[in-house]
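Here's the structure we're looking at; comments come further down.
The values are calculated or read from the model by the stated rules, or taken from the named source; none is laboratory data. Quantities reported herein were computed from a predicted structural model and do not represent experimental measurements. Note that each Cβ is placed from the backbone with ideal geometry, even for glycine, and that neighbours are counted across all protein chains shown. SASA here: full protein model, heavy atoms, side chains in, ligands and nucleic acids out. Shrake-Rupley method; radii C 1.70, N 1.55, O 1.52, S 1.80 Å.
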Amino acid sequence: MSSPKKCPNCGLINPDIAQRCDCGYDFECGEIKSPYVKPSRKKHLLRLESINKAPLGIKIIGIVNLIFAIAAGLILCVIILGTVFQHGDIPLASTGVDGIFVVATLLAVIIGVCTLIAVASIHLMMLKKWAWYFFIVAQGLGLIIASFKLLKAEHILANFGGLLLNMVILWYLFSKRMIFGPSLSQISPEKGRK
């Protein structure tokens with residue numbers, strides 16, 4: 001029986017019968033090829049090292065939105081459930097609508113949206129392109145809403161602050177768009193298929 005093979009590429013100790021290392025190094029021809037074993041997806045779910053590569057502004061946007069998503073989700077759920085328990089009845093029950101269904105649906109939507117924002121916040125800090133698109137759309141919608149509220153002359157100072165904040169975040173995200181990888185139009189068809 002032969003001794004185990006140490007991979008010259010990654011240093012992994014392989015059984016003596018191994019033809020190729022997990023990293024893709026082929027022991028017979030001495031070249032790196034595609035590995036037989038696909039890497040586990042679990043390893044790639046939370047890459048903390050990619051969060052360290054994110055610029056400070058992206059980290060701030062991600063952390064603030066993550067905190068907002070968690071806090072808003074908890075506060076809204078507590079308010080809704082508190083209202084239901086305080087009245088001892090579901091307010092919509094008198095209208096003929098099944099109140100429990102409405103409350104459960106409302107809670108599910110709130111939890112779903114807050115979860116989406118939290119996941120997008122983490123992925124924004126991991127420099128994922130889809131999260132960048134998500135926040136561009138979210139900030140754009142915030143800009144539109146703040147503009148309409150400003151035109152209606154409701155809470156002018158607060159809405160002007162919201163308008164400015166959304167404009168600054170949009171500008172910053174657009175200025176950093178290249179760190180999120182190439183856009184779909186910049187990927188050649190050959191690279192896109194690999």
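Using Cα pairs closer than 8 Å and at least 6 residues apart in sequence, work out the relative contact order for segment 99-167, in percent.
In percent, rounded to a whole number, it is 22.
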Under 5 Å between amide H atoms, partner at least 5 residues away or on a different chain: which partners does Ile32 have, H built in plane at 1.01 Å?
Asp26
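Please find the FRET efficiency linking Ile100 to Met178, where r is the Cβ-Cβ separation and R0 is fixed at 35 Å, and quote it to the nearest 0.05. Please list the in-between numbers first.
Numbers: r = 49 Å, r/R0 = 1.41.
Working from the Cβ atoms, E equals 0.10.
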Under the rule of at least 5 residues apart or a separate chain, name every residue whose amide H is placed under 5 Å from the amide H of Lys5.
Asn14, Asp16
I'd like the Karplus ³J(HN,Hα) series for segment 131-141: coefficients 6.51, -1.76, 1.60, θ = phi - 60°, whole numbers in Hz, and an x wherever there's a Gly or Pro.
5, 4, 4, 4, 6, 5, 5, 4, 5, x, 5
Per-residue SASA entry for Glu31, accessible area with 1.4 Å probe, Å² rounded to 10:
100
